[in-house]
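The values are calculated or read from the model by the stated rules, or taken from the named source; none is laboratory data. What you see is a predicted model, and the numbers here were worked out from it, not measured in a lab. FYI the Cβ positions are ideal-geometry reconstructions off the backbone, even for glycines, and counts take in every protein chain you see.
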Amino acid sequence: MRTGWRLGVILLLFAVSAVVLHRVPAVKGATNPVSLFALPMAFGAWTGAEGIPEEILPVDPNERLSVRRTYRNGSQLAWVSVALFVGQDVESRRASVNKIYPQHGVSLIEPVSFGLSLPGSPATSVTLPAVIIHHQDSRRLLVAYWHQIGNRIYGGEYRFRLALMRELILTRGVDSILVRIATPLGTGLSGADERAIVESLAPSIYAALHREQVER
């Protein structure tokens, strides 16, 4: 009796997993590394320079390659990282959840989010996860980010991990991109202007990566 009950539970779990995986849209998992370098050195009035301090956006040792740039627009400042992860059938090649934003010398990590409309056909509405980092020396940093497989973006870790699981089961191999945008807080700008930095840069970054994926 007990054995039959356990077997029923196992079969139910398999059925639920199959339904969940079926509901996650299939994507093309191969990413051309060249697409990362489609990130422009300028976005309108924003101009970029190579490099980001690692204490701002940590380098993930699992990434295959990345583009890391500092952008300025007058008194506004933003750091942008686009990192490629390949062959994620091996767990050690996947993006680390503890390398997305700084966690050392931090007194508080405050979750926030951004609702954005990203360009495409059709336009994509997405809520991006973000955090406000309160450093022990009173500095504050806003970091927004998303995972991307092909041209499909995932604003949440849960949906991204489900999509990754599906691709690994169906194709045994998948590439992904992690996009991060950081900006300092408390620099004299209003809260709306600080949020506007992410709200203006995110669609432009996505459009540049999307265009390269479509054209290749």
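Key figures
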| item | result |
| --- | --- |
| Contacts under 9 angstrom Cβ, first residue in the stretch 47-66 being surrounded by fewer than 18 Cβ atoms within 10 Å (Cβ to Cβ), partner acidic (D, E), 6 or more apart | R64/D175 |
| Test: residue in the stretch 106-122 that is in contact (Cβ under 8 Å) with a residue 40 or more places away in the chain, more than 22 Å from P40 (Cβ to Cβ) and surrounded by 15 or more Cβ atoms within 10 Å (Cβ to Cβ) | no |
| Residue match in the stretch 85-103 (condition: of a type in the set (D, E, K, R), touching an Asp or Glu at 6+ places or on another chain (Cβ under 9 Å), without any contact (Cβ under 8 Å) to a residue 24 or more places away in the chain and surrounded by 13 or more Cβ atoms within 10 Å (Cβ to Cβ)) | no |
| Total residues in the stretch 167-184, condition at pLDDT below 85, surrounded by fewer than 21 Cβ atoms within 10 Å (Cβ to Cβ) and not aliphatic (A, V, I, L, M) | 3 |
| Those residues of the stretch 104-118 which are at pLDDT below 90 and farther than 17 Å from I197 by Cα, in sequence order | H104, G105 |
